[in-house]
1. Residues of the chain: accessible area per residue at 1.4 Å, in Å²?
2. Once the piece of chain linking Phe34 and Asp48 is laid out straight, how much longer is it, given 0.36 nm per residue of separation minus the C-alpha distance between them?
3. From the phi of every residue in region 21-38, what ³J(HN,Hα) in whole Hz does the Karplus formula 6.51 cos²θ - 1.76 cosθ + 1.60 yield, where θ is phi - 60° and glycine or proline is x?
4. Which of these values of percent of Cα pairs over 17 Å apart was calculated from the structure shown: (i) 37; (ii) 23; (iii) 33?
5. Within the accessible area of the chain, what % is carbon and sulfur when the probe is 1.4 Å and the other protein chains stay in place?
6. Based on DSSP H runs of at least 4 residues, each adding -39500 (n - 2.57), what is the mean residue ellipticity at 222 nm of the chain after dividing by all its residues, to the nearest 500 deg cm²/dmol?
7. Karplus couplings for region 40-51 from phi (6.51 cos²θ - 1.76 cosθ + 1.60, θ = phi - 60°), rounded to Hz, Gly and Pro as x?
8. Dipole of the chain, Cα-centred, from +1 at each Lys and Arg C-beta and -1 at each Asp and Glu C-beta, to the nearest 20 debye?
Amino acid sequence: MANEKPCAKCKLRAKYDSNPNSLIGKFWRWHINFCPGWKGYLASLSEDERKALCEKYNYNK
C-alpha cells in the first residue's frame, strides 16, 4: 500500500510484540505516549482496529 504508515511495520513494535519486557520493547511502549506518527497511524485505522490496538498495548490516550 502506497499510503501505509511506518508504524504498521515498525521494527521496534515487533520487538515489543515478541518480548514486551525487553529494553527495546519498554522503550517502544514509552515512546508511543507522545509519538505523532503513532497518533496519526491510530487515526488512520477503523474504530474497531483502533480499539483493538489500544487494548493490546494498554494505550489510553
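1. Here the per-residue accessible area is 75 Å².
2. Computed gain between Phe34 and Asp48 is 2.8 nm.
3. Working through the residues one at a time gives 8, 6, 4, 5, x, 5, 4, 4, 4, 5, 4, 5, 5, 9, 6, x, x, 5 Hz.
4. Among (i) 37; (ii) 23; (iii) 33, the one derived from this structure is (i).
5. Looking at the chain in its full context, I get 56 percent from C and S.
6. -16500 deg cm²/dmol
7. Taking θ as phi minus 60°, the curve returns x, 4, 4, 5, 7, 8, 5, 4, 5, 5, 4, 4 Hz for region 40-51.
8. 280 debye
The values are calculated or read from the model by the stated rules, or taken from the named source; none is laboratory data. Because the structure is predicted, anything quoted here is derived from the model rather than measured. Quick reminder, even Gly has a Cβ in these numbers, built from the backbone with ideal geometry, and neighbours come from all protein chains shown. Ligands, DNA and RNA are excluded from the accessible area calculation, which covers all protein heavy atoms including side chains. Shrake-Rupley method; radii C 1.70, N 1.55, O 1.52, S 1.80 Å.
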